[in-house]
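*Asks:* Quick one: the structure is below, and I'll ask about it shortly.
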């Protein structure tokens, strides 16, 4: 298990990760076209839009799209709503209005990078944060970690971190040595053990929205909370803890991942399987590779081919693909015979590339 880094700065250029935004919108998916990327609906119908240099799958009223080196946001019809002018852009997160551009609710924001730094914007493209920050974590549960300015000392160390509300208010002063994406109301945060001006070692814990330590920094690495548990390690032993910091489950495998859909992916040697909250391998370690569960399904590889299983370990789509992506809403992207497809939950092809 690798350590959480202070920021997850790189965003997925083509296939977006779910950010927990509440939306009544349908999904829109990127597909390769002769000139770049186009957009399809959940029914596999291509929208007359683009081409784009890159596009992120989205189910909010607006989704990130890129042309000529800049990111903006398109509506579900593929038309530009926020013109492309950002260096980087995440999906909108929060409770988003069903009407693109009707942005009175500041709970729906997107993290974007300008030439001045990172800011949050609403669906009308208005800047929510009062200033641009050297760094921002992705938004989670109405919060984000923000980085203050570089220290005004001869060492010129990077700025410290605080907690920001999605309405732009700084909820805590920048006193943390690092922060990562909030989840389930807690922010993974870092503090160095110091001797005078020397940083001796860093430790991770969790703070609340006010920046107060809820789980003291005593871990060498942490993952954000998911399904009520966080995967942490003290450098010797990995374990899952609850929001009070209590250890609920010791990891008995060389590799483990956060819980999703009630199960956690684990690996030992060349085999991968899934455990439940009791640590029992309810889906035996028999696969060559696997993704975490999403939408009740996990992509797994067996015999060199990918398929999908449900949370009981039963095949829902037999292995036959060269590549299989996670389900995002009703569809998943797969590759078979060198061609890209989108399939539905039964394995039926909804869209096929040229």
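The values are calculated or read from the model by the stated rules, or taken from the named source; none is laboratory data. Quick caveat, the model's predicted, so the values are computed rather than measured. Every residue, glycine among them, receives a Cβ derived from its backbone with ideal geometry; neighbour counts consider all protein chains shown.
*Asks:* Find the strands (runs of 3 or more DSSP E) located wholly in the range 270-328 whose residues include 2 or more that are in contact with a helix residue (DSSP H, G or I) (Cβ under 7 Å, 6 or more places away or on another chain), and list them.
*Replies:* Strands (runs of 3 or more DSSP E) meeting the threshold: none at all.
*Asks:* I need the full set of residues from the range 308-339 which are touching a residue at least 40 places away in the same chain (Cβ under 8 Å) and touching a strand residue (DSSP E or B) at 6+ places or on another chain (Cβ under 8 Å), in order please.
*Replies:* Once the filter is applied, which keeps residues that are touching a residue at least 40 places away in the same chain (Cβ under 8 Å) and touching a strand residue (DSSP E or B) at 6+ places or on another chain (Cβ under 8 Å), the range 308-339 yields 311, 325, 328, 331, 333.
*Asks:* Since residue 42 meets every condition but one in (1) farther than 18 Å from residue 331 by Cβ; (2) under 22 Å from the mean Cα position of the chain (by Cα); (3) part of a loop (DSSP other than H, G, I, E, B); (4) at pLDDT 95 or above, which condition does it not meet?
*Replies:* (1)
*Asks:* Does residue 301 satisfy the condition of being crowded, with 16+ Cβ neighbours inside 10 Å, more than 18 Å from the chain's Cα centre (by Cα) and over 30 Å from residue 186 (Cβ atoms)?
*Replies:* Against the criterion (crowded, with 16+ Cβ neighbours inside 10 Å, more than 18 Å from the chain's Cα centre (by Cα) and over 30 Å from residue 186 (Cβ atoms)), residue 301 qualifies.
*Asks:* What are the residues in the range 272-287 that are exposed (fewer than 15 other Cβ atoms within 10 Å of the Cβ) and touching a strand residue (DSSP E or B) at 6+ places or on another chain (Cβ under 7 Å), if any?
*Replies:* Matches in the range 272-287: 284, 286.
*Asks:* On to the next question. Do the conditions hold for residue 65, that is, is it surrounded by fewer than 24 Cβ atoms within 10 Å (Cβ to Cβ) and touching a strand residue (DSSP E or B) at 6+ places or on another chain (Cβ under 7 Å)?
*Replies:* Judged against the criteria, residue 65 is not a match.
*Asks:* Shifting gears a bit: Which residue pairs have Cβ atoms under 8 Å apart, sit 6 or more places apart or on different chains, and have a first residue in the range 41-52 that is on the phi > 0 side of the Ramachandran plot and buried (at least 16 other Cβ atoms within 10 Å of the Cβ) and a second that is outside any strand (DSSP E or B) and modelled with pLDDT of 95 or more?
*Replies:* 50/78
*Asks:* So is residue 180 touching a residue at least 40 places away in the same chain (Cβ under 8 Å) and surrounded by 21 or more Cβ atoms within 10 Å (Cβ to Cβ) or not?
*Replies:* yes
*Asks:* Under 8 Å between Cβ atoms, at least 6 apart or on separate chains: pull out the pairs that start in the range 227-243 with a residue that is free of Cβ contacts under 8 Å to residues at least 24 places away in the same chain and end on any residue that is surrounded by 19 or more Cβ atoms within 10 Å (Cβ to Cβ) and not in a strand (DSSP E or B).
*Replies:* So the pair list comes out as 237/251; 239/251.
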